[in-house]
Amino acid sequence: MIGGGQLARMMIPAAIELGVDLRVLAEAEGMSAALAADRVGDYTDVETVLAFAREVDVITFDHEHVPQAVLRALVDAGVPVHPGPEPLAVAQDKILMRERLSELGLPVPDWARVETPAELDAFIADHGGAAVVKTPRGGYDGKGVRVVRSAAEVSEWFATIAEGGLAGALLVEELVDFRRELAQLVARRPSGEIAAWPVVETLQVGGVCSEVIAPAPHSAGKVADVSADIAFAVAEGLGVTGVLAVELFETTDDRVLVNELAMRPHNSGHWSMDGSTTGQFEQHLRAVLDLPLGGTGTHADWSVMVNILGGPAEGTLAARYPSALAGHPTVKIHNYGKDPRPGRKVGHVTAVGDDLDDVVYEARAAAAVFQD
Ligand code: ADP
């Protein structure tokens with residue numbers, strides 16, 4: 001696995017259970033996945049990555065930032081890479097993503113590629129006086145996403161374009177009037193088998209995921225079917241292998257639109273480790289190794305995951321274990337081994353049960369123990 005963050009870390013127990021020898025190429029010492037970090041090196045350097053790949057059977061990722069040139073070099077060297085360079089290119093560039101989703105006939109917000117402030121102002125004028133502008137590359141957790149009423153509000157992004165940056169363009173989208181945000185996770189094997197978990201509801205605070213409810217309340221029937229159909233079409237249409245997360249908007253006029261794609265285990269699927277027969281990390285391993293996929297049924301009616309964002313103002317997460325573990329014995333705690341820092345995802349908790357109010361309460365209360 002290339003990348004040593006919390007996703008690589010949470011892959012370790014799944015690998016141990018399956019008896020898979022997981023190796024991690026981490027970008028620095030002491031990262032979340034240090035336990036399995038066999039190698040520390042620069043994932044943008046072809047030689048570093050090729051040397052790592054010589055010791056493994058399959059390459060996969062905990063992020064989508066490995067440059068295309070490195071991915072191509074791996075494929076040229078005969079290394080199985082999952083997901084492959086072509087689907088990953090789509091995950092790496094929000095403009096290409098909108099183009100490919102539109103070509104596949106999938107529902108997306110109205111969008112345009114804009115190179116100048118005049119083009120952006122024209123789009124805003126055509127879409128009710130407001131729009132969402134996104135940098136095509138490198139954004140995450142809401143960085144690189146801005147709601148604007150005028151091109152002047154992103155003048156520094158246009159200045160960067162004028163200097164030859166940001167791949168020469170911005171993505172602009174209609175400001176979607178959504179009721180809630182959903183995410184549909186699926187896993188697909190190279191040989192084509194595909195499996196979906198139930199569609200989930202995600203809550204974001206300041207562009208960062210804070211809670212996930214699985215399944216999304218009131219989603220049985222049409223919303224679940226439409227979400228799964230969209231994710232199957234994306235996985236098959238783009239040839240994604242491994243776990244695919246499709247972030248969706250449920251609009252106030254009852255449409256489901258695709259926001260974003262992630263081609264790896266995703267925050268919206270963390271609940272599955274404790275709430276589903278097969279967690280997303282195990283399923284990702286099965287998929288990239290082209291092994292039969294596991295069941296995606298749930299252990300109880302509801303699973304609720306709450307992120308620990310920032311962590312305690314002083315001390316470590318573990319310093320709070322006595323009160324968290326004593327007060328919330330039914331909640332599962334996941335600690336990413338990171339230093340607490342404002343806004344940083346340092347862990348999460350999951351509660352599972354049949355009464356949604358109780359499960360939400362337990363998960364929030366347990367997460368709160370770790371936050372000041
Ligand atoms: P990131 O790649 O940083 O996660 P996203 O494209 O997922 O960025 O956007 C972050 C958040 O911004 C979304 O979860 C959603 O709440 C909001 N958002 C993004 N696009 C739109 C849109 N077209 N209309 C309304 N809200 C949006």
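General observations
- Bridge type composition, the chain - antiparallel percent by DSSP, nearest 5: 90 percent
- Per the Kirkwood formula applied to alpha carbons, the chain shows a radius of gyration over Rh ratio, Rg over Rh, of 0.96.
- In the context of the full protein assembly, ASP357 retains an accessible surface of approximately 120 Å², using a probe radius of 1.4 Å and ignoring ligands and nucleic acids.
- Cross-link partners of LYS143 among lysines, defined as those whose alpha carbon lies under 28 angstrom from its own and excluding same-chain residues fewer than eight positions apart: LYS94, LYS134, LYS338, LYS345.
- FRET efficiency, ASP110 to GLU193 (Cβ-Cβ, R0 35 Å, nearest 0.05): 0.50
- Of the solvent-accessible surface of the chain, computed with a 1.4 Å probe and all protein chains present, 51% belongs to carbon and sulfur.
- Residues in the chain average 42 Å² of solvent-accessible surface per residue, probe 1.4 Å, ligands and nucleic acids excluded.
- Backbone N atoms of the range 77-118 closer than 18 Å to the 7 Å Cα→Cβ label point of SER150 belong to residues 116-118.
- Loop-located trypsin sites (Lys or Arg not before Pro) in the range 1-105, at most 10 other Cβ atoms within 10 Å (DSSP): ARG54
- From phi via Karplus (6.51, -1.76, 1.60), per-residue ³J(HN,Hα) for the range 12-21 in Hz, x at Gly/Pro: 4, x, 5, 5, 4, 4, 7, x, 8, 7
- Projected area, mean over directions - the range 75-220, Cα convex hull, nm²: 11.4 nm²
- Each Lys or Arg adds one and each Asp or Glu subtracts one; over the other residues with Cβ under 14 Å from the Cβ of GLY41, this totals -4.
- Full-extension gain in nm, GLU103 to LEU18, via 0.36 nm per residue minus C-alpha separation: 26.8 nm
- Contact order relative to length of the chain, as percent, for alpha carbon pairs under 8 angstrom and 6 or more apart: 13 percent
- When the surface is traced with a 1.4 Å probe over the full set of protein chains, LEU96 keeps roughly 60 Å² accessible.
- Other residues lying with their Cβ under 10 Å from the Cβ of ARG286 contribute a combined charge of -2, Lys and Arg counting +1, Asp and Glu -1.
- Relative contact order (%) - the range 273-360, alpha-carbon pairs under 8 angstrom, separation at least six: 34 percent
- At most 14 other Cβ within 10 Å, DSSP loop - GluC sites (Glu not before Pro), the range 105-191: GLU115, GLU163
- Beta bridges per DSSP, both residues in the range 131-251: antiparallel share near 100 percent.
- Normalised contact order of the range 1-90, rounded percent, pairs of Cα under 8 Å and 6 or more residues apart: 27 percent
- The GluC sites (Glu not before Pro) of the range 277-372 that DSSP puts in a loop, and whose beta carbon has at most 16 other beta carbons within 10 Å, are GLU314.
- Ellipticity at 222 nm from helices only: DSSP H runs of n ≥ 4 in the chain, each -39500 (n - 2.57), divided by the residue count, give -9000 deg cm²/dmol.
The values are calculated or read from the model by the stated rules, or taken from the named source; none is laboratory data. Quantities reported herein were computed from a predicted structural model and do not represent experimental measurements. Cβ sites come from the backbone with ideal geometry, for glycine too, and all protein chains shown count toward neighbours. In case anyone asks, the SASA skips ligands and DNA or RNA and just uses the protein heavy atoms, side chains included. Shrake-Rupley method; radii C 1.70, N 1.55, O 1.52, S 1.80 Å.
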